[in-house]
1. Among B:Phe90, B:Phe98, which is the only one that is buried (at least 19 other Cβ atoms within 10 Å of the Cβ), at the interface with chain A (Cβ under 7 Å from one of its Cβ atoms), farther than 28 Å from A:Val119 by Cβ and of a type in the set (A, V, I, L, M, F, W, C)?
2. Return yes or no: is A:Thr191 in a helix (DSSP H, G or I) and either within 14 Å of chain B (Cβ to nearest Cβ) or at pLDDT below 90 (or both)?
3. So in the range A:185-219, with the set limited to residues that are in contact with a Ser or Thr (Cβ under 8 Å, 6 or more places away or on another chain) and farther than 21 Å from A:Tyr165 by Cα, which one is surrounded by the fewest Cβ atoms within 10 Å (Cβ to Cβ)?
4. Within the range A:39-72, track down each residue that is under 20 Å from the mean Cα position of the chain (by Cα), of a type in the set (A, V, I, L, M) and under 30 Å from A:Leu104 (Cβ atoms).
5. Taking B:Arg66, is it facing chain A (nearest Cβ under 9 Å), closer than 20 Å to A:Leu74 by Cα and more than 14 Å from the chain's Cα centre (by Cα)?
Amino acid sequence: MTGRRKVVPWFIVFVAMVCSWPLQAADRPLNIHGFVSQGYLSSTDNNYYGDSTQGSFDLTELGVNVFHAPMPSLSLAAQVVSRRAGALYDGDPRVDYAFLDYRLLSSLDGYGGFRLGRVKIPIGFHNETRDVAATRPGILLPQSIYVEGLGIRDFYIGVDGLAAYGEWFLARSTLQLDVGLAVPTTLQDETQAAFLRTVSAPGDLRLTSGQNLRLLYEQDGGRLRLAATYSRVRTEYRPAAQDFLLRGLAPVDALVLSAEWNWEDFSLMAEAVHRRIRRSGFIPSVPDAGRYEQGYYIQGTYRLGNGWEAFLRYDTHWNDRTDRAGHRQSMESLAPESLAPQAPHRFYQHQWTLGTGWRITPQWLLRAEWHHVHGTALTPLADNPVFDEAGGKARWDLFALQASFTF
Amino acid sequence: MREDFYRRFGKWGTSGRRLATLVCLLWVGMALFPGAVVGAQVVVVNDSITRNALPVATVRAIFSLRVQVLDGHKLTVFVLDPRDPVHTGFSKDVLGVFPYQLEAAWNRSIFSGASRGPVIVNSEAEMHRRVANTVGGVGYLSQPVAHESIRILNIEGSHP
């Protein structure tokens, strides 16, 4: 990454921060908001976002958005995000969303409308704002649900297409429905690298089809929240004229179930995923394969007062529900022709997280958390090349600090 | 005052006996700890909003930035600092939502492009002035006030 590219996101944020206060104060029609966060990670044995075994500051998230409503039922919104996270995500600014929102219906019984452009896809509770530290339930999202390196991160962070939404008000509850449809597009280089496990593939990985459906039920103003999300993503690798990979297809279907209970001082949240991943093609003479990934997390958050909170989370993931210990998958990867032998710990990840946060003001949030991790399935490969040589350590610890500011 | 308590705790159930017990307990509680009870807040709207009352679900959705249009006007939501006791009282007692849930809803809305967020004002006097001067303005005050360009929006089903 060049020095100039590093400067660009900081410049955007600086300009936005300078501009936003007078804009907010004046309550003008064009509204600017944004976020800045900086993390520090320190780990034993395996790396998480940069050389965290030596201590890493490679977790920086910046974003600026604008919102403008030229008419009561029409609005325009766009957000640019720069995310630097270890070796894979280098902080290049990208358009996170940019869409036109039209409300077709607005009544006392509910409302409904659609968005056209690059839209955010609601998956579970946290996906739409996954890169905004202040909206997450910790420094790191529960990776079992909000996985980074599956080749569908592009779909998770936002798609070019159409989204329709609606909400109905019932006597004691509300029901929200979100539908998202993606148009075919070439996936970003980093997604391609994460998915194909190589940065040197000359062809293109394309999203050929993507749909998402979420139903969210909220009772008593959100004391109880229940959601079900189904997403269907189809990707295709189109090889270049000279290529070591064949045409390949990798369909992913995922069902996410979510539940949250909120009390004044305590919140309990749990989400579970059942994900079907298939693969055909890509590598000559390798048979087609399919597997079911599963995972869930459960988190209890206690609000201690004066902006302090503490949480405990258990997050767990299996790459293949029929091989939870990873032995069979590891054995298969150790075959003589294999280019990337993997240890069994690459096929599961279970972790306990103990975290605390202090919201100094509504804008400033400081967080610290300690993860005790068993397994590396959701640990970035790009930060740990040794994983492809059957290396890495099964049991390890990760400590993280983060400061975030929203405006 | 009694109606006030019915309005504030009506969501707990319609059983008259249960409510009466609750009111009595609160009455005693208020007598013992007068400082613990913040004055009952009212929803105020700019007089461009013509209706007099809305269901609590709609008012909650307005302050969560989900309902954005009313009577043909784009709404501008004014709130106090989320740590202000008037705000926390309004959130819990009138909307029936914990303040942290409201803040989470604002952040989700602002950072997914769904709305421009609420306008945070420094005082009730500023709230009063801004709601009065903004077409489609909506906010809350701790005391009902009479003013020509501002009106009180009742919560449906909770007033006599």
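The values are calculated or read from the model by the stated rules, or taken from the named source; none is laboratory data. For clarity, every value in this text was computed on a predicted model and none was experimentally measured. Here the Cβ is made from the backbone with ideal geometry for all residues, glycine too, and neighbour counts use every protein chain on show.
1. Values: B:Phe90 fails: at the interface with chain A (Cβ under 7 Å from one of its Cβ atoms).
The match here is B:Phe98.
2. Details: in a helix (DSSP H, G or I): yes; either within 14 Å of chain B (Cβ to nearest Cβ) or at pLDDT below 90 (or both): yes.
For A:Thr191, the condition - in a helix (DSSP H, G or I) and either within 14 Å of chain B (Cβ to nearest Cβ) or at pLDDT below 90 (or both) - is met.
3. My answer is A:Asp204.
4. Correct list: A:Val64 only.
5. Values: facing chain A (nearest Cβ under 9 Å): yes; closer than 20 Å to A:Leu74 by Cα: yes; more than 14 Å from the chain's Cα centre (by Cα): yes.
In short, yes.
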